[in-house]
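The values are calculated or read from the model by the stated rules, or taken from the named source; none is laboratory data. Since this is a predicted model, take the numbers as computed values, not measurements. Every residue, glycine as well, gets a Cβ built from its backbone with ideal geometry; the counts of neighbours run over all protein chains shown. Note: accessible area is taken over every heavy atom of the protein model, side chains too, but ligands, DNA and RNA are not part of it. Shrake-Rupley method; radii C 1.70, N 1.55, O 1.52, S 1.80 Å.
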Amino acid sequence: MLDCAIIGGGPAGLTAGLYATRGGLENVTLFEMGMPGGQITKSSEIENYPGFFDSTKTGLDFMDEWQNQCFHFGLKHVMKKVEQIVKTGEHFTLILEDGESVEALTVIVGTGSVPKRANFKGEDEFYGKGVSTCATCDGFFYKNKPVTVLGGGDTALEEALFLSNICSDVYVVHRRESFKVAPPTLERVRKKENIHLLMDSIIEEAYGGMMGLDGVNIKNTKTNEITKMDNTGLFVFVGLNVRNEVLKDEQGKFICAMNESGQVIVDLRMRTNIKGLFVAGDLRIDAPKQVVSAAGDGSIAALQVLTYLQELE
Ligand code: FAD
Ligand code: NAP
């Protein structure tokens, strides 16, 4: 029986693991279906995590050091997906992807979020074949070539900046006339001569053939003018969907209280309405969707686990 099972190895889960093991728990396992690190490993930069201010380092570099620290105090890693959490009396049973089951007295869920699809014609057909949601992974394929970026939030503009150092031109397509972005980022974007902002515009269609994406048609929604952009890669950054599947039972019903957007309702101690079940990071209600806040949540959840287990004794 584990003292604590942590599901998800992003900033929330890793920090929870650090605090739980350093707080004295010996039997703590992190279930992360891939390599630990979470979404930020897909980012080309991070400049708003206090104490880390190095623009030459990527999100992957940043999380590398985290892992060394978080596993240092005895946290174990099982590289498997957790399919389901079942409350079995006073404890929990985790069903893993291979059918194995693991028992735990407490569970912290930090399964975070994933990029949304924008739903334009051709998006699914060319996903992974010219349509991407990761500039650090795929930007280099477009060295000295033009690329198109869809979206008007922090992610879209930060990744446009990253792409502007590799690609010949970056066309940012945004459906409104203003951005939802931190002012310093917008300022940097405006100073880049090879970033072109196409406001009030949408991707009408991504087109191509057997070999993948050839180009996109961009429509200005005010003038209805269509711009055909040939030979371009397309990077889609239109927000995130929370990953809450693990909290569904066999009938597809959530095992704890959620809001209408599928985020988990927690209190200020990251407690759900189920005793012993905690949720941290992007998956919780009102999450600021930041590394620093996900890490903060992880620490709070782990400290609550320590208190909860003491009370059980
Ligand atoms: P995540 O980072 O999403 O980690 C969740 C983990 O859970 C993943 O590794 C996933 O594989 C795993 N998982 C999911 N389901 C299961 C399951 N069933 N079983 C096992 N494992 C599972 N924030 C900032 O503060 N500054 C930035 O500059 C910044 N830039 C960003 C750039 C990009 C491109 C993106 C996408 C996000 C950025 N963010 C930034 C946001 C930040 O990355 C997130 O807020 C943060 O990573 C959330 O942490 P988390 O631990 O809640 O979840
Ligand atoms: P976001 O803030 O939700 O922005 C999504 C953008 O995509 C918006 O501009 C939105 O348009 C647009 N959009 C949504 N659906 C669309 C569609 N179907 N077609 C075309 N455009 C569409 O998402 P994000 O930029 O990924 O950021 C997610 C969270 O992570 C935010 O809380 C953000 O602050 C945080 N984050 C922070 C940093 C940082 O702190 N440096 C970096 C990255 C991300 P509208 O504007 O019209 O809604």
Restricted to the chain, the DSSP antiparallel beta bridge percent, nearest 5, is 45
Note on the range 131-236: contact order normalised by length, alpha-carbon pairs under 8 Å, 6 or more apart, percent, works out to 30
Cys in the chain lacking any partner Cβ under 4.7 Å -> CYS4, CYS70, CYS167, CYS256
In the range 83-149, the GluC sites (Glu not before Pro) that sit in a DSSP loop and have at most 15 other Cβ atoms within 10 Å of their own Cβ are GLU90, GLU97, GLU100, GLU125
Probe 1.4 Å, all chains present, heavy atoms only: ARG188 accessible area in Å², nearest 10, is 80
The computed P(r) of the range 131-236 puts the percent of Cα pairs beyond 24 Å at 16
Hits in the range 197-212: amide N under 15 Å from the 7 Å Cα→Cβ extension of ILE226, namely 202-208
In degrees, nearest 10, the alpha-carbon axis of helix 59-70 is tilted away from the dominant principal axis of the alpha carbons of the chain by 10
The equivalent-ellipsoid semi-axes of the chain, taken as the square roots of five times the Cα gyration tensor eigenvalues and listed largest first in whole Å, are 39, 20, 17
Shape descriptors of the range 268-313 over alpha-carbon atoms, Rg and Dmax in angstrom, are 10.9, 35
GluC sites (Glu not before Pro) in the range 7-70 lying in a DSSP loop, each with at most 11 other Cβ atoms within 10 Å of its Cβ, come to GLU26
The relative contact order of the chain, taking Cα pairs under 8 Å that sit 6 or more residues apart, comes to a percentage of 21
Checked against a 21 Å limit on the C-alpha separation, the offending pairs among LYS129/LYS222; LYS191/LYS289; LYS116/LYS289; LYS42/LYS219; LYS121/LYS289; LYS42/LYS289 are LYS129/LYS222; LYS191/LYS289; LYS42/LYS219; LYS121/LYS289
Partner aspartates and glutamates whose C-alpha sits under 13 Å from that of LYS76, ignoring same-chain residues fewer than 8 away, are ASP3, GLU26, GLU32
For the range 132-205 the GluC sites (Glu not before Pro) that pass both the DSSP coil test and the at-most-13 other-Cβ-within-10 Å test are GLU177, GLU193
Any lysines whose Cα falls less than 16 Å from that of LYS87, other than same-chain ones fewer than 8 residues away, would be LYS248, LYS253, LYS275
Tilt, helix 154-164 to longest principal axis of the chain (alpha-carbon atoms), in degrees rounded to tens, equals 50
In debye to the nearest 20, the charge dipole size for the chain, taken about the Cα centre with +1 at each Lys and Arg Cβ and -1 at each Asp and Glu Cβ, equals 620
Helix 291-312: inclination vs the chain longest Cα principal axis, degrees, rounded to 10, gives 10
Given Cβ charges of +1 for Lys and Arg and -1 for Asp and Glu, the option among PHE162, THR93, LEU197 whose Cα lies farthest towards the positive end of the dipole of the chain is LEU197
